[in-house]
1. Counting heavy atoms of the protein chains only and a 1.4 Å probe, report the per residue accessible area for the range 18-132 as a whole number of Å².
2. Gap in Å between the Cα centre of the range 51-82 and the Cα centre of the range 107-145?
3. Only loop residues by DSSP count here, and only those with at most 15 other Cβ atoms within 10 Å; note down the trypsin sites (Lys or Arg not before Pro) in the range 18-72 that meet that.
4. Can you classify the range 82-151 as rounded, prolate or oblate using the Cα gyration tensor, where a ≥ b ≥ c are the square roots of its eigenvalues, rounded means a/c under 1.5, and otherwise it's prolate if a/b beats b/c and oblate if not?
5. Per-residue ellipticity at 222 nm for the chain, helices alone: DSSP H runs ≥ 4 residues times -39500 (n - 2.57), over residue total, nearest 500 deg cm²/dmol?
6. Could you sort the peptides 52-64, 91-103 by per-residue average Cβ neighbour count (10 Å cutoff), highest mean leading?
7. With the cut-off at 1.5 for a/c, could you classify the range 26-138 from its C-alpha gyration tensor as rounded, prolate or oblate?
8. In the range 13-171, what percent of the accessible surface is made up of carbon and sulfur (1.4 Å probe, ligands and nucleic acids excluded)?
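The values are calculated or read from the model by the stated rules, or taken from the named source; none is laboratory data. On a predicted model such as this, the values are computed, not experimentally measured, just so you know. Because the Cβ atoms are built from the backbone with ideal geometry, glycine has one as well, and the counts that use them run over all protein chains shown. Only protein heavy atoms, including side chains, enter the accessible area calculation; ligands, DNA and RNA are left aside. Shrake-Rupley method; radii C 1.70, N 1.55, O 1.52, S 1.80 Å.
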Amino acid sequence: MTLSIRPATRADLPLIADLIRALADYEKLAHEVRFDDAVLGEKLFGVRPYAEVVIGEVDGVGQGFALFFHNFSTFEGKPGIYLEDLFVRPEARGSGLGKALLSHLAALAVERDCARLEWSVLDWNEPSIGFYKALGARFLDEWTGMRVDGAALLQLAAQLGANAGNSTENA
């Protein structure tokens, strides 16, 4: 068995879309998948890519992926890598592909002079939690994730218009 990790290209878009949907099924979140393939392709491979993807292959067949982007630590004064999604198809689990994908991202973080590699995991996903802990990952118990999306995002953005006479630099 041969494992390989490679950067995704636009030609991988159907595979990436399929892996995202498979991840959503695994996480019981298929009902939340709303992306349009063409828009996803533009956001990943267009003029201004917002994220990067690496494909994990077993014997030349795409069996997993990692989608990530850079964030920035003001305390460290350096960038980091945030792993948005990591997924390995069930039939390829146990092959070492998940560890290879994470190891690839860790090496990329070191190469790019990043301070850290971080991600979130669903609290019920015990197999993944155990896997991550075995690799040396630690919980950030003192932090709670926050999100604004949908109507709340639109409402918050509209506040800028309501405060048009005020400078956002002083907010």
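1. Values: 6430 Å² over 115 residues.
Heavy-atom SASA per residue in the range 18-132 reads 56 Å².
2. Between the Cα centre of the range 107-145 and that of the range 51-82, the gap is 12 Å.
3. Numbers: sites: 21, 28, 34, 43; in loops: 28, 34.
Here the sparse-neighbourhood loop sites are 28, 34.
4. Values: a/c = 1.59, a/b = 1.19, b/c = 1.34.
In terms of gyration-tensor shape, oblate.
5. On the way: 5 runs with 60 residues, N = 171.
Using -39500 (n - 2.57) per qualifying helix, the result is -11000 deg cm²/dmol.
6. Details: 52-64: 18.8, 91-103: 16.8.
The most tightly packed comes first, giving 52-64, 91-103.
7. Details: a/c = 1.41, a/b = 1.06, b/c = 1.32.
It comes out rounded by the Cα gyration axes.
8. Working: 5720 of 10440 Å².
Summing carbon and sulfur atoms, their accessible area is 55 percent of the total for the range 13-171.
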